[in-house]
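What follows is a short report on a single structure.
The values are calculated or read from the model by the stated rules, or taken from the named source; none is laboratory data. What you are looking at is a predicted structure, and each value in this text was computed from that prediction instead of being measured. Glycine gets a Cβ as well: all are built from the backbone with ideal geometry, and neighbour counts include every protein chain shown. The protein model used for the area step is the full one, side chains on, heavy atoms only, and it has no ligands, DNA or RNA in it. Shrake-Rupley method; radii C 1.70, N 1.55, O 1.52, S 1.80 Å.
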Amino acid sequence: ILERPGRDRQAVLAALAAMSAEEFVRQQVCSKECIRHFLGAASRRRGRRISKFVSVIDAGGIGRHHFDRRNVAFFKAFAEVSSANYPDCLERLFVVRAPYLMTALWALLRPLLHPVTAAKVSILGGDYAAALEADGVSLPSGKLPESDELEG
């Protein structure tokens, strides 16, 4: 799963500003349910259970405005719902093109997480391709597009 929240910073911030915490959590739960449905379909196609997924978040373009108190509260509320309803669905999470602010926040938050959960997360800068390849994650053309090449 590839997410690109920093691609259109103003649109993301406007969407978050228009949502209540409950609406944000509902939207995220809907996304998780879509993933569960996809994993079920993939399990049937392959004849074996597939219950986990790898997520790559392209953090390029994310800035301090994404980390205001309100948005952090949204993500915290979703984290609580997610851990209660979707335990152990995430195989690995790679945050690529992470700005320094995200790296610094991760250094503060990592000790607060369960060690098993924290070990699933890798915060990578712009030189992410080798780390993804070492973990068996392949991207189109071997790297993330700089623009909207994935669209369409």
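Please identify the pairs in which a residue from segment 27-40 that is assigned to a helix (DSSP H, G or I) has its Cβ atom under 8 Å from the Cβ atom of a residue that is open to solvent by 80 Å² or more (accessible area, probe 1.4 Å), counting only partners at least 6 apart or on another chain.
Pairs that qualify, where the first residue is assigned to a helix (DSSP H, G or I) and the partner is open to solvent by 80 Å² or more (accessible area, probe 1.4 Å), are V29/N85; K32/N85; I35/I1.
Can you name the number of the only condition in (1) at pLDDT below 85; (2) in contact with a strand residue (DSSP E or B) (Cβ under 6 Å, 6 or more places away or on another chain) that T117 fails?
With (1) at pLDDT below 85; (2) in contact with a strand residue (DSSP E or B) (Cβ under 6 Å, 6 or more places away or on another chain) applied to T117, the lone miss is (2).
Hey, which of the helices (runs of 4 or more DSSP H) in segment 61-136, taking only ones fully inside, have at least 3 residues that are more than 26 Å from E23 (Cβ to Cβ)?
100-109, 115-119, 129-134
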